[in-house]
Amino acid sequence: PVLEAMSYGAPVVSSNATSLKEVVATGGILLDPYDERGFATAITSLLKDTKEQKKWVGRGAKRLTELKWEDTARATTKVLLGVIKS
C-alpha cells in the first residue's frame with residue numbers, strides 16, 4: 001500500500017516497523033507505530049502545508065525509481081534456490 005500511495009502521488013506517513021522501513025526508506029515519513037501524536041502531527045502538517053506535501057511527494061517518486069520488479073525477482077529466486085539446495 002505505501003508504494004501504491006507513492007505511485008498515485010500521495011505523500012506517505014508510515015510505521016517504521018517490519019519491512020515498511022526498508023520499503024519506504026527516504027520516500028516517506030517514518031514513525032514509531034505507537035506514536036499516535038506523531039502520526040496526527042505529520043498528517044496534519046501535510047494537509048496544511050503544500051510545500052511540505054510536495055517535498056514528500058517528490059521523495060516518494062524518487063523512491064519508486066529505486067525499486068525494480070526485476071531486482072525483487074532476482075533476490076527472491078536467489079533465496080528460493082538457496083532453500084532448495086539446503
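The values are calculated or read from the model by the stated rules, or taken from the named source; none is laboratory data. Note that the structure is predicted; figures quoted are calculated from it, not measured. Every residue, glycine as well, gets a Cβ built from its backbone with ideal geometry; the counts of neighbours run over all protein chains shown.
Some points to look at:
- Boolean, Glu52 is surrounded by 11 or more Cβ atoms within 10 Å (Cβ to Cβ), modelled with pLDDT of 90 or more and either more than 15 Å from the chain's Cα centre (by Cα) or farther than 15 Å from Ile29 by Cα (or both): yes
- Criterion (surrounded by 11 or more Cβ atoms within 10 Å (Cβ to Cβ) and not charged (D, E, K, R)) met by exactly one of Gly27, Gly82: Gly27
- Positions within region 60-74 being without any contact (Cβ under 8 Å) to a residue 40 or more places away in the chain and either under 16 Å from the mean Cα position of the chain (by Cα) or under 19 Å from Ala5 (Cα atoms) (or both), in sequence order: Lys62, Thr65, Lys68, Trp69, Thr72
- The one condition in (1) within 18 Å of the chain's Cα centre (by Cα); (2) under 17 Å from Ala5 (Cα atoms) that Asp32 fails to fulfil: (2)
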